[in-house]
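A quick write-up on the structure given underneath.
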Amino acid sequence: MGTQELKLWYRGPAEKWVNALPVGNGKLGAMVFGGVKQERIQINEDSLWYGGPKKREQPDAYKHLEEIRRLMFEGKPQDAEYLARMAMTPGPKFFAPYQTLGDINFYFRQSNGETTNYRRELDLPTGIAKTSYTLDGTTYQREIFASAIDQVLVIRLSSDRSGAISFSMNLSRRPFEGTSGKEGAESIVMQGQCGPEGVHYATVLKAVTVGGNVQIIGDFISVEAVDSVTLYVAAATTFRHPEPLIVCQSRIAASVVKGFEAVREDHVKDHRSLFERVQLEIEDPDHHVAVALPTDERLRRIQEGYADQGLISLFFQYGRYLLMGSSRPGSLPANLQGIWNESHTPPWESDYHLNINLQMNYWPAEVCNLAGVKQLGRFTAPEALWRTTPRICGRRQTYAAFMCLPFSGRWAGHGCPCICGSTIVMAEIGIF
């Protein structure tokens, strides 16, 4: 399968979040819907977890440990579980979740005519999501990518007619918005705290236009009659940086000076250096028929019994792409949803499950020639997660581990840790 065929593409915008197209650089992720009248780009920052460290250990755990063990050895697991649920599960029962950073919302002026030639695609070899369509005789195109080199999300809007692009846009985090407003002549900012004792965050969005004009009205950026516009988005939290707003401003300023073409070129070079390490080609005599169809239609054909070996190759490479987008040196390990999450209350808190899920995330790393993505700084993914604990929590959770499971100078990581380094037994329905 040639690299020109490694694309997910569709003939219409995404109606649901799960149908949007993901881009990511390990720390910053986005889901692109491809709307025409309005566009939503949902964004994530990997360290935005609700709340902070809590003293959650159960003081009665150790007192009942021997009894729980005795019941287990006597072949009474239900009785052991009944007691363990009371004695060993913490309070509060669950730790707080990984959350969405929010949405970038676009409202387009040129949106009431008939749309033709619509195409929404994700190019896996370059890591660039594109949306293109023709409206009232003008062809519009958007490109979105997340640069690991420059640590920004970049959105480029252009058309084949001068002065054809007009829209307004804002940042939101409904219903848990902090503050939002003007940040310079062509920028807006959204800031807040992610729950009591949680990290403080900042997101800055800047517009750089060719032609036309741009102004800030309220907490919106208004872009009017431009030939093209490049939007730079940066996000950071106090998990890594004492002053996240200053970090965002610095990253965007550096990217603007560097310029769109250079930022894009460096992103593609970096992305290809990982992605193109592996090729998978499966012989398929009917491939020319399937490759001309959008991805959702190819899936329907398989459900109807048709063969599509090229889709298997595409699926394989898409898995590698998702690991690249959610785990890079310096990022947190990929969580239950990689890095992409639209919810404030995601399933299983979108945390780290050490019984199987963290391992599953990184199964493709070695065998698919992506070993570098699990080297999060100097450490592998599990090591990076363990080393988060003392930096965030000091001795608190280490004490919890000793209290629940006194292993003579060692500590235990239970099945579901978070970035606060919780080592508490989780309050699942079935403990044993």
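Things to note:
- Restricting segment 198-226 to residues that are under 23 Å from the mean Cα position of the chain (by Cα) and not β-branched (Val, Ile, Thr), the residue that is nearest to Ser159 (Cα to Cα) is Ala207.
- Any chance Ser228 is at pLDDT 95 or above, among the small types (Gly, Ala, Ser) and either out of contact with any Leu (no Cβ under 9 Å at 6 or more places or on another chain) or closer than 25 Å to Ser343 by Cβ (or both): no
- When Ile221, Ile216 are checked against the criterion of being surrounded by 20 or more Cβ atoms within 10 Å (Cβ to Cβ) and under 21 Å from Ile252 (Cα atoms), a single residue qualifies: Ile221.
- Members of segment 264-314 that are at pLDDT below 95 and of a type in the set (Phe, Trp, Tyr): Tyr306
- On the stretch given as segment 330-368, residues that are within 17 Å of the chain's Cα centre (by Cα), more than 21 Å from Ala235 (Cα to Cα) and of a type in the set (Phe, Trp, Tyr) total 3.
- Check on Gly75, without any contact (Cβ under 8 Å) to a residue 24 or more places away in the chain and not aromatic (Phe, Trp, Tyr): yes
- Close pairs from segment 224-242: first at negative phi, partner among the acidic types (Asp, Glu) and assigned to a strand (DSSP E or B), Cβ under 8 Å, at least 6 apart: Ala235/Glu45; Ala236/Glu45; Thr237/Glu45
- Candidates Thr423, Thr398: the one that is farther than 24 Å from Ala148 by Cβ, in contact with a Phe, Trp or Tyr (Cβ under 8 Å, 6 or more places away or on another chain), buried (at least 22 other Cβ atoms within 10 Å of the Cβ) and modelled with pLDDT under 75 is Thr423.
- Residue check for Pro13: modelled with pLDDT under 95 and assigned to a loop (DSSP other than H, G, I, E, B): no
- Given (1) more than 28 Å from Gly211 (Cβ to Cβ); (2) not in a helix (DSSP H, G or I), number of the condition Lys269 does not satisfy: (2)
- Only residues that are assigned to a loop (DSSP other than H, G, I, E, B) and exposed (fewer than 14 other Cβ atoms within 10 Å of the Cβ) were counted across segment 283-303, and they come to 4.
- Whichever residue in segment 240-262 is in contact with a Phe, Trp or Tyr (Cβ under 9 Å, 6 or more places away or on another chain) and buried (at least 22 other Cβ atoms within 10 Å of the Cβ) and, among such residues, is farthest from Ala202 (Cα to Cα): Ser255
- Test set (1) under 15 Å from Glu45 (Cβ atoms); (2) in a strand (DSSP E or B) - Phe176 fails condition number: (2)
- Residue selected from segment 320-378 under the condition among the hydroxyl-bearing types (Ser, Thr, Tyr) and part of a loop (DSSP other than H, G, I, E, B), by the criterion nearest to Val18 (Cα to Cα): Ser343
- Test: Glu81 is farther than 30 Å from Asn170 by Cβ, touching a residue at least 24 places away in the same chain (Cβ under 8 Å) and of a type outside the set (Val, Ile, Thr): yes
- Selection from segment 222-247 of residues that are in a strand (DSSP E or B) and not small (Gly, Ala, Ser): Val223, Glu224, Val226, Val229, Thr230, Leu231, Tyr232, Val233, Thr237
- Number of the condition not met by Tyr306 [criteria: (1) touching a residue at least 40 places away in the same chain (Cβ under 8 Å); (2) loosely packed, with under 15 Cβ neighbours inside 10 Å; (3) out of contact with any Leu (no Cβ under 8 Å at 6 or more places or on another chain); (4) not in a helix (DSSP H, G or I)]: (1)
- Answer residue from segment 48-97, given it is closer than 30 Å to Val199 by Cβ and of a type in the set (D, E, K, R) and is surrounded by the fewest Cβ atoms within 10 Å (Cβ to Cβ) among those: Lys55
- Where Gly127 falls short, out of the listed (1) closer than 30 Å to Gln193 by Cβ; (2) modelled with pLDDT of 95 or more; (3) crowded, with 20+ Cβ neighbours inside 10 Å: (1)
The values are calculated or read from the model by the stated rules, or taken from the named source; none is laboratory data. Predicted model only: the values in this text are computed from it and were never measured. Every residue, glycine as well, gets a Cβ built from its backbone with ideal geometry; the counts of neighbours run over all protein chains shown.
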